[in-house]
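The values are calculated or read from the model by the stated rules, or taken from the named source; none is laboratory data. Note that the structure is a prediction, hence the values are computed from the model and not measured. In this analysis, Cβ positions are derived from the backbone assuming ideal geometry, glycine residues included, and neighbour counts consider all displayed protein chains.
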Amino acid sequence: MPWWLFRRRSRSTSGAPAPAQPSSGWQLGEVALPLLHGSRRYLQEQPYLLPKDLGEVNRLDFQHYILRAVLRGNYLAPIQQPRRILDVGCGTGQWAFELAQQFPQAQVIGLDLEQVKAATSPPPNYRFVQGDILQGLPFDNDSFDFVHQRLLVLAIPQAAWPDAVQELVRVTAPGGWVELVEAGTALQDYLPSGPATQEFYQLGSQLAALRSLDGEGLVMRSLTRYLEEAGLVNIHYQVLDVPLGEWGGRIGSLTALNVREGWKAISAPIAARFGRSEQDLLQLIERASQEWNEFRTSSRMAVAYGQKP
């Protein structure tokens, strides 16, 4: 079932399905990314902009440790002793591995489109499940005490976000928590910014819009509303401005490296779509990274969490 006909999967006794959601405009085959472009591998049948390959695995693991340092932990929700934990869009599984080690009594499930890194010795209480939030989660209602989803703004079309969050809430048990972590995707989330940063962001935003993804920072600013509309209570929302560049110390240097690699990862589809050479784009990214120190740029992200009554 394609995502624009996505229905909230319900296993309630009534059995009545939710109405189908309208399309946001993106359809398979339209502005499709190359399956292989140079040494990078992209998913052709998904709106996801970033690659799925070893280079991206390494970046995601690196990004995980940065986020853990920024948040001073792996989560902000006031969870106690969860019995079942779900990580939607688990990527390399590193977050889920660490939660499995922290809560050895809990069953921890990581869900993603594919298993990008096979762990040689995963925690015994961890399990990977292949799935797609856009087609509904393969779990019963009220199954998890903690549901976590992080940095899927370049994977979930903007119009699909309300239903995607409803699906996260559906599988959360009463009293359980849902936590969303998202980065800003608008130029105003990288301030102050120089001309190279502005130029690259304009290209990235245009590509995102062609695939119905959020290129204007609306998702990050709507996390509280999504949780409220899904019926959660005790909602908290926190914005974090993370320094980009050596001016911000160790965190700033690491974040700048992560952003540079992320931008390089989408330079191939930008080049293919807008007729730019990849070399020009790489030079543009290098100029932008120099600006971050000159302008003392920060990148914005947000964490929102709420409890199911």
Going through segment 187-214 one residue at a time, which ones are closer than 13 Å to VAL153 by Cα, hydrophobic (A, V, I, L, M, F, W, C) and surrounded by 18 or more Cβ atoms within 10 Å (Cβ to Cβ)? ALA208, LEU213
Would you point out the residue of segment 234-274, among those that are assigned to a helix (DSSP H, G or I) and touching a Ser or Thr at 6+ places or on another chain (Cβ under 8 Å), that is modelled with the lowest pLDDT? ALA271
Here are some conditions: (1) in contact with a strand residue (DSSP E or B) (Cβ under 7 Å, 6 or more places away or on another chain); (2) under 20 Å from GLY131 (Cα atoms). TYR75 meets all but one. Which one does it not meet? (2)
On the basis of being surrounded by fewer than 16 Cβ atoms within 10 Å (Cβ to Cβ), under 18 Å from the mean Cα position of the chain (by Cα), within 25 Å of ARG68 (Cα to Cα) and not aromatic (Phe, Trp, Tyr), does LEU227 make the cut? no
Restricted to segment 39-88 and to residues being of a type outside the set (Asp, Glu), closer than 26 Å to PHE139 by Cβ and at pLDDT below 90, the residue surrounded by the most Cβ atoms within 10 Å (Cβ to Cβ) is PRO47
Given the conditions (1) touching a Leu at 6+ places or on another chain (Cβ under 8 Å); (2) within 30 Å of ARG170 (Cα to Cα); (3) assigned to a helix (DSSP H, G or I), which single one is not true for VAL219? (1)
Can you run down the residue pairs with Cβ atoms below 6 Å, 6 or more apart or on separate chains, where the first is in segment 138-158 and touching a residue at least 12 places away in the same chain (Cβ under 8 Å) and the partner is assigned to a loop (DSSP other than H, G, I, E, B) and hydroxyl-bearing (Ser, Thr, Tyr)? VAL153/THR185; ALA155/TYR48; PRO157/SER24; PRO157/SER212
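Please determine, by comparing only the residues of segment 224-240 that are charged (D, E, K, R) and in contact with a helix residue (DSSP H, G or I) (Cβ under 9 Å, 6 or more places away or on another chain), which one is farthest from ARG300 (Cα to Cα).
The extreme case among them is GLU229.
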For the list (1) surrounded by fewer than 20 Cβ atoms within 10 Å (Cβ to Cβ); (2) in contact with a Leu (Cβ under 9 Å, 6 or more places away or on another chain); (3) in contact (Cβ under 8 Å) with a residue 12 or more places away in the chain; (4) at negative phi, I need the number of the one condition that LYS308 fails. (1)
Segment 152-189, residues that are of a type in the set (A, V, I, L, M, F, W, C), touching a strand residue (DSSP E or B) at 6+ places or on another chain (Cβ under 6 Å) and closer than 23 Å to LEU203 by Cα: VAL153, ALA183
Do the conditions hold for ILE235, that is, is it exposed (fewer than 15 other Cβ atoms within 10 Å of the Cβ), over 26 Å from PRO47 (Cβ atoms) and of a type in the set (A, V, I, L, M)? no
Index of the failed condition, LEU282 passing every other in (1) under 24 Å from the mean Cα position of the chain (by Cα); (2) closer than 18 Å to PRO195 by Cα; (3) surrounded by fewer than 20 Cβ atoms within 10 Å (Cβ to Cβ); (4) modelled with pLDDT under 95: (4)
